[in-house]
1. Which members of segment 117-144 meet the condition of being out of contact with any helix residue (DSSP H, G or I) (no Cβ under 9 Å at 6 or more places or on another chain) and either aliphatic (A, V, I, L, M) or on the phi > 0 side of the Ramachandran plot (or both)?
2. So, Tyr56, is that one under 26 Å from Val122 (Cβ atoms), at pLDDT 90 or above and of a type in the set (Phe, Trp, Tyr) or not?
3. For the subset of segment 147-172 comprising residues that are out of contact with any strand residue (DSSP E or B) (no Cβ under 7 Å at 6 or more places or on another chain) and part of a strand (DSSP E or B), which member is nearest to Thr102 (Cα to Cα)?
4. With the structure loaded, tell me whether Val122 is of a type in the set (A, V, I, L, M) and touching a His at 6+ places or on another chain (Cβ under 8 Å) or whether it fails that test.
5. Given the structure, is Ser144 of a type in the set (S, T, N, Q), under 15 Å from the mean Cα position of the chain (by Cα), assigned to a strand (DSSP E or B) and crowded, with 17+ Cβ neighbours inside 10 Å?
6. Any residue in segment 144-172 that is without any contact (Cβ under 8 Å) to a residue 24 or more places away in the chain sitting within a Cβ distance under 7 Å of a residue that is surrounded by 16 or more Cβ atoms within 10 Å (Cβ to Cβ)? List the pairs, counting only those 6 or more apart or interchain.
7. Kindly provide the set of residues from segment 60-109 that are closer than 19 Å to Leu135 by Cβ, of a type in the set (S, T, N, Q), in contact with a Ser or Thr (Cβ under 6 Å, 6 or more places away or on another chain) and free of Cβ contacts under 8 Å to residues at least 60 places away in the same chain, ordered by number.
8. Among the residues of segment 147-161, write down those that are surrounded by fewer than 15 Cβ atoms within 10 Å (Cβ to Cβ) and not polar (S, T, N, Q).
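The values are calculated or read from the model by the stated rules, or taken from the named source; none is laboratory data. What you see is a predicted model; the values in this text were computed from it and never measured. Here the Cβ positions follow ideal geometry from the backbone for every residue, glycine too, while neighbour counts run over all protein chains shown.
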Amino acid sequence: MPLKGRNLKAQSAMEYLMTYGWAILIIAIVLGALFSLGVFSGSSFVGTTCIAASGYECTSPLLHAGTFTATLGQSTGITWTSATFAFVTGGGTPSNTVPAATGAILTVSGGLTSGATASFSVVNSITSADTPVALPSTIGASTSGAIWAWYTTTSGGPELVSQIATVTLKAV
């Protein structure tokens, strides 16, 4: 009789291990599939943001098909008689002169009055050395940098350069 009771315990233990073994195997397969799809990578959590400095506006940022668009504005209380904007990748500081990189700048004709906005659209960014860099067009690719403005005011004087926004972009 003791041998029979022992077999029942072994069978019970085996059923317990098989039931939970299958459950653990299924969970491992699901986690492996999610990992291979990139659900746990940090880049999947990157969104598109445009954080403007005080006195400036940056809304509706979008990176689509290699073109970065946003609405930029200023509320500094000063009218800009000329305004040129550029997206500088990598957080670098551009030179003090307006870059000549094709597709990397937006010049607002007639300047920009305080409280006004302008549509910003570029297909290239620039580096801190004013070298043009093509923006990513692959869906899910990301980049970051800053929007800089070169402008003159109604009071005259030299051209001023300001970083007006910090940007993180994910292509859609």
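1. Ala118, Val122, Val123, Ile126, Ala129, Asp130, Val133, Ala134, Leu135, Ile139
2. yes
3. If we take residues in segment 147-172 being out of contact with any strand residue (DSSP E or B) (no Cβ under 7 Å at 6 or more places or on another chain) and part of a strand (DSSP E or B), then Pro158 is nearest to Thr102 (Cα to Cα).
4. Criteria not met by Val122.
5. No; evaluated as a whole, the condition is false for this residue.
6. Leu160/Tyr151
7. Ser60, Thr69, Thr71, Thr89, Thr107
8. Gly156, Gly157, Pro158, Glu159, Leu160
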